[in-house]
Every structure is written in structure tokens, then in C-alpha cells.
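In what follows, a structure is listed as C-alpha cells, so that the remarks can point back to it.
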Amino acid sequence: QWLSDRKKRALQRKDVDIRRRIELIQDFEMPTVSTKIKVSRDGQYIMAVGTYKPRVRCFDTYQLSQKFERCLDSEVVTFEILSDDYSKIVFLQYGRFVEFHSQHGHYYRTRIPKFGRDFSYHYPSCDLYFVGASSEVYRLNLEQGRFLNSLQTDASESNVCDINPVHFLFAMGTAEGKVECWDPRTRNRVGLLDCALSSVTADTEIEGLPSISALKFDGALSMAVGTSTGQVLLYDLRSSNPLIVKDHHYGLPIKSIQFQHQLDLIISADSRIIKMWNKDTGKIFTSMEPEHDINDVCLYPNSGMLMTANEAPKMNIYYIPVLGPAPKWCSFLDNLTEELEENPESTVYDDYKFVTRKDLENLGLAHLIGSSLLRAYMHGFFMDIRLYHKAKMMANPFAYEEYRREKIRQKIEETRAQRVQLKKLPKVNKELALKLIEEEGEEQQVARKRKQKNLPSLLKDDRFKVMFENPDFQVDEQSEEFRLLNPLVSKISEKRKRKLKILEELEAQGQEEEEEPEGKASDAESSESSDDEKGWVEEVRKQRKLLRQEEKLKRQERFKEDQQTLLKPQFFEIKEGEEFRSFKDSAKKQKLMKKTLEDRLKLEETLGTLNVSDTTVGSKQATFKLKKSEQQRKQQEAEKQHRQERKALRRSAGHLKSKRGRGRLFH
């Protein structure tokens, strides 16, 4: 996408994969997202709706280009082409609007009482059946131009609907996971299928009640139902049990179901994957996972072409020759696919180099992140191959010498492989590796006698390779668990250590022939290794006794260290404005905070700080007193004392005035 046009043309001349890409229809895309795509009955026009802004585009397959584009007032839920060409179209929109378009453009617009989710057209009576967020199915007659009596169903909401093309049976999928079948002639319900219960099998994991998200008839008797939990059920209308239950294993709602009659396939799609499987056996034929989420799938009639509406501007077109021939307006695809099969070619895209962030740090180019020289892609970046070679030459000027040295070393190793090799033990867990080698030799002897196949070795298995390379996986033989679980490991390990020492000496001396280490014979070793149960119990007791003694010594050492350390008093600082009472207050506060709200309310009610009473209307009334902080309490006490002092002063002043008055009168 970020290549220039000039670079694209140059790449197209060189790259075979790009030359194989064919733009069948010019500008076959939407501005942002495409939601639905359909083909007219005559096969000449492909119509798609999308956003943004809401619009419909019509593509003429005979001209391989766009015929017209019309913008709409609101987004389209779904649409239907009523005529053989594009002259009569019905759009169901999100604002409860139903919009009719003719050949020249917008024709008429009306509304339905509830939000619609899907609709179907009944050709014999010219009725439109709308289902949505209601228990009713609304009927709009296009011949009379008025709404007819609705069909009252038992469902709370309906998601999808379809009409059988043979006997015109109307079926609708509900939010409760059921399919109701109605006869349009009598307007009565003639059948009910509980698909939610049938979709749950032994190996199915669902989190909620499955609702019906897709519905499609095939012929007079077959019907496929898709659920919101990712299952597809194939029914025969004469039976209430599904013939096949196919799970997509993604847990996503089924968006579209199509029937392919040439190979008896069912094409089901959710937002992530398109699966093609045999409708008789359920065996997977193939599957496709596009780069972007899928909104709708359309199968071009009587061909192997598949079109998808995606959460991306580009609408994808797939051609699968096995499914059928190419359409007549692009019959050259058959010749192209035959040529591609005859001349398979593969080229390498070598203009750019993919590097990770660690590679950039090693090359000293981490400062280029965010610049135009690096293009972010997945977990790394694309950079020009010439810049990469220059940076690598500057970062490691002796790369050629290292490469030459490595090639020489590989040649020497190839010649050494013809010689007799010693047992090369890994650096980590050598004793465990030696044990595995011995056990492998014994098993090979037993397998030879019984004429059985040899089991794979753990040393050669890549899954356990790290155990013999990483020092973190080193077995600690001094740990308590190892000594208790392996009471006989000491005797066996001593013999292995002796053998390991001899092998290391042989390897150091550079001997080419492997010799059995001197000592006892293998028969004697095997006889010694098989101890009886009494010896095993004694060994366990001995190990336990040693562990107790070691623990006792550790406790004594810790006790001596505790005696030698001097305990110093610890001081705590009290915040300004707070009064220290005791350590119990903080403990009480912590204990109170751990209690539930109900317990705290009961405690405050007993202390008198909270009063809960019932009112006349049945609700609760709570009256509480706020607790005063220490600073507020001190301030109130000071104010109280100040008021008492002022009161005493006023009394003393009044007493003096009364004395003076009496003195003057007496005088």
C-alpha cells in the first residue's frame, strides 16, 4: 500500500504473483465498509451497499465497471432485487424506513412500526414480509400499495426469514433459537423447530442461548439454519431432528449460508472464516480466512466464483475452478488458471528486508524508528535492502571472515562424522543424560529381542532440548524433595559419576573408539541396582534422619545469630494535630474496616450515632451523627471555654455598675 505507483509498475514487471492478480471489475470497492452484496437474476449486474456515506453501487459485468452509484439517507440493513435486472429494488434501512428504487432512482419511501432486521418477497401475492424487533410479521402488498394484517407469532423478536422457492413456505428464525414455518395462503403456522436444543451436542461449548442468525432454503425439502453461537444445522422439513450439525468452533454468529449444487456443498460463513463442506457427510471441502472480517457472501449462479462484503473498502472476488466454470463475462479465467497450473513459478520479493526491533538495535538503527526509512509491519519493520546491507557491513565488517570460518568448520565436522564418535554429553544435567543413554540402550536390546520399534529418545527431542542447555533446569540433588523421592539415587549416581569421569577422560585424550569403562560387568551392575523393599525403606529412613539433623543445625545457627543481634527501639512519628492514645485504636479501625456495611451500621446503631426507621410509604429513613475529629473537638472546647470567660466578664461588669449606682444614691 505504501509503495509508489512507479515502484508498483516496476514490481509488476518482475513479480509473477503480482502479474497473476487480475482486476476483474474496475473500482470494485466501497469508501469504507461494504455490508451486503447480491447478483441480479440475469447475472449481468452486481449490487452492493455500504458506508460511509450510506450508498448503493451497481456494477455492470458486461462492461466490467461501475454503472451507477446512489447515496441514501440512512444505512441499509438488507436489500432485495425484485426484477431480473436493477430496475426494481427494495431497501430496508436502520431508521424503520422501507425505500423503493426504480430504474431512474428513488421511487417511494414508507415506514414500518418496529425496527426491521430482514424481509422476504412472496412472488405469487406480491407481498413483502418484514421481521424485526417485534412479535409480529408485517405484510406490505405491493400490488394494492397498503399494509395487510400482520402475522402474530410466539416469538419476542425475529432475526431472519426466507421463503421457499418451490412451495413458497415462509420461515422465520427467532431470538429464542426457534424456527417458525407459516403457510402464506392460510396465514397459519404449520411447523415449529427448536434449533437451540438441537445445536447443543456432546462436544459443543456454548455460553448462552443460541438464537437464529441465518436461514436458507434449498429445493422443496432442505433447509439450513445458522445460530449465533457458530453452528449450522441442516434439516429435512419432514423431520424435527437435524441431519447434520456443523460447528465453526469460533463462537461467532453465522452471517451467510449458500448452497452449491454441482458438488453438493454448503458454504457457511461467520465474520472470520468461510467453510465449504459436504451436505451429506459434513466433511470439510475447503475453508478461507480473509484478512478482514466478513459481512456477507454471495455465490455467483452456476459458476465457481465467490464474492464477499468485508469490513474493508475492497470487496473480494474468489474463483475456485473446482466448484464450477468461470462466468461467461470473464471466461478467460479458465485459460489463465490452466496456464498457471502448467507453469508454476516462484519468485522472492527481495527489494525490502524485514527486521525486528532487536535487529535494528544490533545494527545501530534504532533511531530510525518512526522515520520514512522504516515501515512498521506486524512485529517488525520493512527497510530497503541496500540500506540493510550497508548498515550490516558497517556494524560487522568481518562478517565475510566469520562466514568463511563457519563454512570451514562445517566441512571439518562433515569429515569427522565418518569417524567413530564418543558419547558427547551436554553441559547441563550430564548425569540425567547418561541415565537416559543407558536406559535407551537397554530398551533397544529388549526391542531387538521382541522385534519392536524403538521409541524416540528424549535427548534428540526438540521439546526437551532446553533442559540440557539452560542452567536454570539443572537438577539440585541436595534439595529435600530430590533426596526423599529418590532414596536410591546415591548408589546409582555414584556409579554414573564414575562412568561419567571415565568418559570425560576419554574425550579429553581424544580417543576415537568408545570402550566400556573398567569396573564391574554390566550383569553385576544390573544385579546391584535391583534392591529389595527393605533396603529402600532403610534408605528413606536414613535420608529423613539426615534431613532432621541438618534442620536442627540450621535452627541452632539461627538461634545463635538472634542472640548476637541487638534489638533497637523503634520510634514512630505522630502527625501534627493528632493525639496518640494507644496502639489499640489503629487495630480497632482496621478491624472495623474489614467488617461489612451491614455490621458497621448495626454497630453505629447500638452506639447511638445512627437511627433507622420506617416511613409511611414503606421506605427507610436513616438519621446519623457525624463523628468529630480530635482537632474539631479541641476547637469546640476552646470556643466553649471562651464563651464561659466572656459570660463571667459580663457578670462582673454588671455587678460593678450596680455597686456604683447604689453608692451615688447613698451619697
Roughly how much of Tyr121 is accessible, in Å² to the nearest 10, using a 1.4 Å probe? 40
Between Phe332 and Lys588, the two model label points (7 Å from Cα along the beta-carbon direction) sit apart by a distance in nm of 9.4
Per residue Cα convex hull volume for the stretch 347-413, in cubic angstrom? 127
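If packing is taken as the average count of other Cβ atoms within 10 Å, what order do 308-318, 22-32 fall into, highest mean first? Mind dumping the intermediate values first?
Details: 308-318: 18.6, 22-32: 15.0.
Final packing ranking: 308-318, 22-32.
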Neighbour net charge for Thr174 - beta-carbon separation under 15 angstrom, K R +1, D E -1: -4
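Net charge near Met47: determine it from the other residues with C-beta under 15 Å of the C-beta of Met47, scoring Lys and Arg +1 and Asp and Glu -1.
Values: positive: Lys36, Lys38, Arg41, Arg55, Arg57, Lys67, Arg70, Lys88; negative: Asp27, Glu29, Asp42, Asp60, Glu69, Glu80, Asp84, Asp85, Glu99, Asp296.
Local net charge: -2.
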What net charge is computed for the residues neighbouring Ser120, neighbours being all others with C-beta under 10 Å from the C-beta of Ser120, Lys and Arg scored +1, Asp and Glu -1? -4
Which residues qualify? For Leu169, with a placed amide H closer than 5 Å and at least 5 residues away or on another chain, they are Asn164
5 angstrom amide H check on Asp218, placed H, neighbours 5+ away: Met223, Ala224
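Go through His261, His167 and list them by solvent-accessible area, largest first, probe radius 1.4 Å. Kindly include the intermediate steps, with their values, before the conclusion.
Working: His261 115, His167 80 Å².
Listed by decreasing accessible area, they come as His261, His167.
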Once each part is reduced to its C-alpha centroid, what is the distance from the stretch 133-163 to the stretch 258-326 in angstrom? 30
Extension gain, Tyr403 back to Lys542 (0.36 nm per residue minus Cα-Cα distance, nm): 44.3 nm
Is the stretch 23-342 best put as rounded, prolate or oblate by its Cα gyration tensor, with a ≥ b ≥ c the root eigenvalues, rounded for a/c under 1.5, and otherwise prolate when a/b is larger than b/c, oblate when not? oblate
Mind checking the full-extension length gain between Thr110 and Arg189? Use 0.36 nm per residue of separation minus the Cα-Cα distance, one decimal, nm. 25.7 nm
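Taking 19 Å as the cut-off for C-alpha to C-alpha distance, list the pairs among Lys36/Lys255; Lys114/Lys216; Lys279/Lys328; Lys314/Lys353 that go past it. It would help to have the intermediate numbers written out before the result.
Working: Lys36/Lys255 11 Å; Lys114/Lys216 24 Å; Lys279/Lys328 28 Å; Lys314/Lys353 27 Å.
Pairs exceeding the cut-off: Lys114/Lys216; Lys279/Lys328; Lys314/Lys353.
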Using θ = phi - 60° and the Karplus form 6.51 cos²θ - 1.76 cosθ + 1.60, what ³J(HN,Hα) does each residue of the stretch 53-65 get, whole Hz, x for Gly and Pro? 7, x, 7, 10, 10, 10, 10, 9, 6, 6, 9, 6, 7
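For Lys7 and Phe473 in the same chain, what is the full-extension length gain: residue separation times 0.36 nm, less their Cα-Cα distance, in nm?
Numbers: separation 466, 0.36 × 466 = 167.76 nm, distance 5.15 nm.
Fully extending the segment from Lys7 to Phe473 adds 162.6 nm.
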In what order, largest first, do Met307, Met593 sit by accessible area if the probe radius is 1.4 Å? Met593, Met307
Percent accessible area from carbon and sulfur atoms, the stretch 23-342, protein chains only, probe 1.4 Å: 46
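The values are calculated or read from the model by the stated rules, or taken from the named source; none is laboratory data. Here the structure is a predicted model, which means the values were calculated and not measured. All Cβ positions, glycine included, derive from the backbone under ideal geometry; neighbour counts span all protein chains shown. For the accessible areas, the whole protein counts, side chains as well, though only heavy atoms, and no ligand, DNA or RNA atoms are used. Shrake-Rupley method; radii C 1.70, N 1.55, O 1.52, S 1.80 Å.
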